[in-house]
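Structure record follows, encoded as structure tokens.
The values are calculated or read from the model by the stated rules, or taken from the named source; none is laboratory data. Given the structure is predicted, the values throughout are model-derived calculations rather than measurements. FYI the Cβ positions are ideal-geometry reconstructions off the backbone, even for glycines, and counts take in every protein chain you see. We work out accessible area using only protein heavy atoms, side chains counted, and drop any ligands, DNA or RNA first. Shrake-Rupley method; radii C 1.70, N 1.55, O 1.52, S 1.80 Å.
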Amino acid sequence: MTHDHDLELRPTEAQTEAALNPPPGRNGGDLVVETLAGLGATTVFGLPGQHALGMFDALRRSSLRYVGLRVENNAGFAADAYGRITGEAAPLLLSTGPGALTSLAALQEAASASAPVLAISSQIPTAGLGGGRHGYLHELPDQSASFRGVVKSVHTVRTQSQIPSAIAEAWRSALTAPHGPVWVEIPQDVLLAKTSLPVVTAPDVTPEELVPRVELTAVAADLLSRARRPAIIAGGGVVRSDASGKLRQLAEKLDAPVVTTFGGKGAFPWEHPLSLQSWLEDRYMTDLLEDADVLLVVGSGLGELSSNYHTFKPRGRVVQIEADLGKLESNHPALGIHADARLALQALLETVTERTDTTAPERVRDVLGRIADRIAGQELTLEQDVLASVRRALPAGSPSFWDMTILAYWAWSAFDPRGANTMHSAQGAGGLGYGFPAALGAAAADPGRPVLAVSGDGGALYSIAELATARQYDLPVTWLIVDDGGYGILREYMTDAFGEPTATELTRPDYVALAESFGVPGVRTSPETLEADLAKALAAPGPSVVVLPAVLRMFAPTHVD
């Protein structure tokens, strides 16, 4: 008897011919790029190094597009953004030791944000693996140990025949909910050695679906259907699983107000009558969420920022849907549902009973009005005007990438992203230098629309070298640098805590002249001309820099007495 799957495993005549007579001049690096192409990758990021040259040599024999950045950590941020924008696993090619380790901060951000990054690093020659002190260049006793606490999975290759399977398994891991970065390392000699293995064809690596347990969604649906004051917190898991449409349907069916976390920006329409927007660092919002008799938390672990610095103490029943098992009930007791947000929301949509609460929009307007009054009493017109100018200048649908800077902290709470998966920041891990290289990665993913990056002058110096990358690939990224002469938020924190700041003031370059030295147009703007200058820069082809000299302040926190 012949089964269908037996027929599927039979190679075609062309495949048989290619397998028996592979092209000459291939090495282990070719197996890497052939596997990536077979998996569907089209673009790779990275930076070459001596041990990794086998991979980079193979790139010229492949159809893959290479985008090379100047610092490995920036290459990691670019891959992170590419993964967020496309939903694909973004390959990141690195060299051994210092090159690999320099990417760690970017991989931590990818892990925090559930961005699928497939990092492939070289290793010292096979003879040196195992922890001995052989004195190889870039040698570490156990390179992969540095990554195990950061990435989802680690895969070490020792022979050429292991390369396709290891990369395919890593790819599956990166794209199985929760998405995240993965690590593959391949010894130098394995990459350089000639290979007679056949050309790699498309492996089957369909990600595993994380389906909710039916008995749990049944209980959750019953709780939500009978709730008197339900509310929803929507996190980054809603965005990563492309579930914003289902979230809106469920909220409208339940008449439940929705607040989005800073990582979940855009998961729910900003101007919707049920939208509480993103004011999570506000006591009025915390009070409303604590008053909910049933609180549905989707795709969030209710961490430090999402819980108003752990001052949030829910009084009602919490239902938590989370793909990351480690985050399930990690901060609050809940009916924990370990599942992909999209699948779990679909299950709830099919089982909840529609409820009507005509007071919900009124309660939303009330709390947003009280928050607006609180902010208005703090004389923060400059900050609000600057953020509004950025919003008006940025075309709807264009993505923005925000570094760790005061304007970004404002944007977390107050910026309307105008769409799901359009606003991204480094708030997951909180490292400096994310905004500009991440924007470059997004522009590589979709060069047909302008991309905005926002940094402070301190964060800008982390990634200033990538102006060369922006120019080399002519990527349509406009970089807004808010220049306040130092680490502005740290200056504010230290002044509040100790009366005066230390180590926060910076000597910095003339950013406009520096941009122009790279061949990138630059302009110095003011709060009054920001909207026009930014809109003009975003409308022009290729990269540009807009520098805003301004000292911005944060609104007062509500989590301290």
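For Ile406, the conditions (1) in contact (Cβ under 8 Å) with a residue 60 or more places away in the chain; (2) surrounded by fewer than 20 Cβ atoms within 10 Å (Cβ to Cβ) are fulfilled apart from (2).
In the set Glu34, Glu72, only one residue is of a type in the set (D, E, K, R), within 14 Å of Gly441 (Cα to Cα) and modelled with pLDDT of 95 or more; that residue is Glu72. The criterion of at least 1 residues that are over 29 Å from Met554 (Cβ atoms) and of a type in the set (D, E, K, R) is met, among strands (runs of 3 or more DSSP E) falling completely within segment 290-391, by 317-322.
For segment 113-136, the condition of being within 30 Å of Thr422 (Cβ to Cβ) and part of a helix (DSSP H, G or I) holds for at least one residue. Taking the stated definitions as given, is Thr311 more than 17 Å from Glu215 (Cα to Cα), β-branched (Val, Ile, Thr) and in contact (Cβ under 8 Å) with a residue 12 or more places away in the chain? Taking the combined requirement at face value, the residue satisfies it. For segment 362-385, a residue qualifies if it is β-branched (Val, Ile, Thr), open to solvent by less than 40 Å² (accessible area, probe 1.4 Å) and closer than 27 Å to Leu530 by Cα, and the qualifying residues are Ile371, Ile375.
Quick one: count up the residues across segment 432-491 that are among the acidic types (Asp, Glu), touching a residue at least 60 places away in the same chain (Cβ under 8 Å) and open to solvent by less than 10 Å² (accessible area, probe 1.4 Å).
Counting residues in segment 432-491 that are among the acidic types (Asp, Glu), touching a residue at least 60 places away in the same chain (Cβ under 8 Å) and open to solvent by less than 10 Å² (accessible area, probe 1.4 Å) gives 1.
Just for segment 492-518: of the residues that are part of a helix (DSSP H, G or I) and within 29 Å of Pro543 (Cβ to Cβ), which one is most open to solvent (accessible area, probe 1.4 Å)? Filtering first and then ranking leaves Glu516.
Look through segment 119-141, keep the residues that are over 21 Å from Leu192 (Cα atoms) and open to solvent by less than 70 Å² (accessible area, probe 1.4 Å), and return whichever of them is nearest to the chain's Cα centre (by Cα). Once the filter is applied, the top-ranked residue is Gly131. You will find that of Ser122, Ser161, Ser144, Ser173, the residue that is under 30 Å from Asp324 (Cα atoms), among the polar types (S, T, N, Q) and free of Cβ contacts under 8 Å to residues at least 40 places away in the same chain is Ser173 and no other. Of all the residues in segment 313-334, those that are open to solvent by less than 20 Å² (accessible area, probe 1.4 Å) and either over 24 Å from Lys152 (Cα atoms) or in contact with a strand residue (DSSP E or B) (Cβ under 6 Å, 6 or more places away or on another chain) (or both) number 4. Filtering segment 255-284 to residues that are touching a helix residue (DSSP H, G or I) at 6+ places or on another chain (Cβ under 6 Å), in a helix (DSSP H, G or I) and touching a residue at least 60 places away in the same chain (Cβ under 8 Å) leaves Phe262, Gly263, Tyr284.
A count restricted to segment 76-104 and to residues that are closer than 24 Å to Ala420 by Cα, assigned to a helix (DSSP H, G or I) and either among the small types (Gly, Ala, Ser) or open to solvent by 10 Å² or more (accessible area, probe 1.4 Å) (or both) stands at 9. If the condition is being more than 28 Å from Ala113 (Cβ to Cβ) and open to solvent by 20 Å² or more (accessible area, probe 1.4 Å), then segment 165-194 contributes Gln188, Asp189, Leu192, Ala193, Lys194. Given the condition closer than 30 Å to Asp291 by Cβ, of a type outside the set (A, V, I, L, M) and touching a Gly at 6+ places or on another chain (Cβ under 6 Å), answer yes or no: does some residue in segment 171-181 qualify? No, segment 171-181 contains no residue that is closer than 30 Å to Asp291 by Cβ, of a type outside the set (A, V, I, L, M) and touching a Gly at 6+ places or on another chain (Cβ under 6 Å). Starting from residues that are in a loop (DSSP other than H, G, I, E, B) and β-branched (Val, Ile, Thr), keep the ones in segment 519-539 and report whichever is surrounded by the most Cβ atoms within 10 Å (Cβ to Cβ). Here the residue is Thr525.
Give Gly488, Gly456, Gly441 a once-over and let me know the one that is at pLDDT below 95 and not hydroxyl-bearing (Ser, Thr, Tyr).
Working: Gly456 fails: at pLDDT below 95; Gly441 fails: at pLDDT below 95.
Only one candidate qualifies: Gly488.
For the condition in a loop (DSSP other than H, G, I, E, B) and within 19 Å of the chain's Cα centre (by Cα), Gly430 qualifies.
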